[in-house]
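The values are calculated or read from the model by the stated rules, or taken from the named source; none is laboratory data. Model, not experiment: these values are computed from the prediction. Cβ atoms come from the backbone with ideal geometry, glycine included; neighbour counts cover every protein chain shown.
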Amino acid sequence: MARLALLLIAALVAAGSAGATIPPQRDPIRTLSIADATTHETNVDTVAVLDVTLSGPSGDPVTVNWATADGTADSTDYVPDSGTLTFGPGQIAAQIAVMIKGDALDEPDETVFVQLSGANHATIDRGRATLTIVDDDPVLDKARETAALLASKSNVALRIMKELANRALGGEHGANLRTEGEMFGELFAGEDAKEGLSAFVEKREPVFKGT
Ligand SMILES: [Ca+2]
Ligand SMILES: [Ca+2]
């Protein structure tokens, strides 16, 4: 009888303990976000950095995979790469580095995507960032400026200058000098020459007619 009472007491204690069990504390699931970034190309290789943030500290180690993907930029502009980012306990910010290739080519500004995936102990809120590579090579801009400058000049003068430049690359020196004299005569007899002089005297922009 005493043995039965002891068994009953043991069973009650066990049941009471089970009822009082406190579930293990879990940190709330945090969210991950990657931010867009802009980097300026140079003529040597550089590193662009993208920030990834966790919405709050986590006691669990948070990991997330990342990978680059071509936007308008490709492997001639950057080094395709991938990896795993790890947030230690309490850490809420980490960075991804992408190698940007330098060049002296004039190009439009270009983009690379960096995508997050496969998060552990977190969910992904904003998982795709755009990295913009701002070109630093102004050759095309300079060419446009030069073209605009030439377009503002007299067609007659430009034609004669081009003709004389071409002849200067070959031909006989005396003949070239004679041709130069003839062409300058043609140039100064034209309407554009008069318009150019008038505009200069009157301090205004000339209006050339190509004659
Ligand atoms: Ca460059
Ligand atoms: Ca460039």
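Residue 192 - would you say it is surrounded by 12 or more Cβ atoms within 10 Å (Cβ to Cβ) and touching a Gly at 6+ places or on another chain (Cβ under 9 Å)?
When the stated conditions are applied, residue 192 passes them.
Out of everything in region 84-111 that is within 13 Å of residue 40 (Cα to Cα) and assigned to a strand (DSSP E or B), what residue ends up being nearest to ligand 1 (Cβ to nearest atom)?
100
Taking interchain pairs and intrachain pairs at least six residues apart, which have beta carbon atoms under 7 angstrom, with the first residue in region 32-56 and under 15 Å from residue 130 (Cα atoms) and the second within 16 Å of ligand 2 (Cβ to nearest atom) and in a loop (DSSP other than H, G, I, E, B)?
Listed by first residue and then by second, the contacts come to 40/136.
Sort out which residues of region 120-150 are touching a strand residue (DSSP E or B) at 6+ places or on another chain (Cβ under 9 Å) and within 12 Å of ligand 1 (Cβ to nearest atom), and write them in order of number.
133, 134, 135, 136
Listed residues 58, 82; which is at pLDDT below 95 and hydroxyl-bearing (Ser, Thr, Tyr)? Please lay out each step first, then the result.
Details: 82 fails: at pLDDT below 95.
After applying the criteria, what remains is 58.
In this structure, is residue 36 within 16 Å of ligand 1 (Cβ to nearest atom) and within 23 Å of the chain's Cα centre (by Cα)? Steps first, answer last, please.
Working: within 16 Å of ligand 1 (Cβ to nearest atom): no; within 23 Å of the chain's Cα centre (by Cα): yes.
Judged against the criteria, residue 36 is not a match.
Would you say residue 116 is over 11 Å from the mean Cα position of the chain (by Cα), at negative phi and either part of a helix (DSSP H, G or I) or more than 16 Å from ligand 1 (Cβ to nearest atom) (or both)?
Yes.
Could you check region 165-185 and list, in sequence order, the residues that are under 16 Å from residue 155 (Cα atoms) and surrounded by 13 or more Cβ atoms within 10 Å (Cβ to Cβ)?
The first filter runs over region 165-185 and keeps only residues under 16 Å from residue 155 (Cα atoms), leaving 165, 183-185.
Of everything in region 165-185, those that are under 16 Å from residue 155 (Cα atoms) and surrounded by 13 or more Cβ atoms within 10 Å (Cβ to Cβ) turn out to be 183, 184.
From the residues in region 122-145 that are more than 16 Å from ligand 2 (Cβ to nearest atom) and assigned to a strand (DSSP E or B), which one is surrounded by the most Cβ atoms within 10 Å (Cβ to Cβ)?
Among those that are more than 16 Å from ligand 2 (Cβ to nearest atom) and assigned to a strand (DSSP E or B), it is 122.
Do we have residue 71 as small (Gly, Ala, Ser) and within 16 Å of ligand 2 (Cβ to nearest atom) here?
yes
Those residues that are away from ligand 1 (no atom under 12 Å from the Cβ) and either part of a strand (DSSP E or B) or under 14 Å from the mean Cα position of the chain (by Cα) (or both), I need them from region 40-56; list them, please.
47, 48, 49, 50, 51, 52, 53, 54
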